1. May I ask you to list, by number, the DSSP H helices of the chain whose Cα span along the axis is at least 27 Å and whose average Kyte-Doolittle hydropathy reaches 1.0 or more?
2. Under a Cβ-only charge scheme (Lys and Arg +1, Asp and Glu -1), can you give me the dipole magnitude of the chain about the Cα centre, in debye to the nearest 20?
3. At a probe radius of 1.4 Å, what is the per-residue accessible area of H215, in Å² to the nearest 10?
4. Measuring with a 1.4 Å probe in the full set of protein chains, what accessible area per residue, in whole Å², belongs to region 101-240?
5. Which of the peptides 218-226, 38-46 is most tightly packed, and how do the rest follow, judged by the mean count of other Cβ atoms within 10 Å per residue?
6. How far apart, in nm, are the 7 Å Cα→Cβ label points at L106 and T190?
7. What nm distance separates the two modelled labels at L47 and V22, each placed 7 Å from Cα along Cα→Cβ?
8. For region 113-153, what are the per-bin percents of Cα-Cα distances with bins 10 Å wide, up to the bin holding the maximum?
Amino acid sequence: MLATVLFETVKCFILLALHFGVLAVSVILINKKVGLPGELYRKLLHLVSVFSIMPIVIPSSSWVASVLVCLLFMGLAYLGTKKTNLESAVDMKQRSAGEQTRSMLLLYGTYAVVIFFAWGLFSQRWAAVLSIIAWGIGDCVAALVGKRFGKHKVSGRFIEGKKSIEGTLGMFVTTFISVFVLYHRHTALTNIWFVILVCFWIAVFSSLTELFTKHGLDTVACPLISMAGFIILTLAAGGI
């Protein structure tokens, strides 16, 4: 058991390192070469981090190993930013000092929690992946669409910053499509209308959570809300 967990941890961590070594480095080099728009550059790196859930979970046969990979990556990311010039090498404008470090710790801490609950406690392995995808791709589109096409601004006591109806709708549509593609492929459910209903409500939950979450904590809130939705809805239907 222990040997299997250690083997799976090492295997998935190597795959995670390759993921970042190829994709993140490629985005950084392209930015240095052509000078990508700031928000586009941020969101491309954001997508690299979002899809890193794939090498953490999919090749693994043990949820414990996947959680350990997240914790190990958090430790190395923290040490890397504190002991090296890693943040400067990424060359991304930070909204506050240490933003990149905090974001990485929050992100992979959330991954560990989602994997523990979705896969470890409820045996909903793909719910862990889908919960991250539901937030990550939609959040990226919401920011880009909102900045480019956001004419109808949304404001209020529980809304932080500049958000728009167009950005929220962009997140809803993108989340629905991306979740449906994966969920429909991997679910054991045969009723297509129930699959559509699950994806619809996950898209609603994610979009509203992103709209009302403050201080950049949508990184935590959206995946957790999506995970809860997947677990409740899929267990009600007999599992994913």
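The values are calculated or read from the model by the stated rules, or taken from the named source; none is laboratory data. None of these values were measured; they are calculated from a predicted model. Note: ideal-geometry Cβ built from the backbone for every residue, glycine included; neighbour counts use all protein chains shown. Only protein heavy atoms, including side chains, enter the accessible area calculation; ligands, DNA and RNA are left aside. Shrake-Rupley method; radii C 1.70, N 1.55, O 1.52, S 1.80 Å.
1. Answer set is 63-83, 125-149, 192-212.
2. The calculated dipole for the chain is roughly 600 debye.
3. Surface accessible to solvent at H215 totals approximately 140 Å².
4. About 48 Å² of surface per residue is accessible.
5. 218-226, 38-46
6. It is 4.4 nm.
7. 1.6 nm
8. 29, 31, 21, 16, 3
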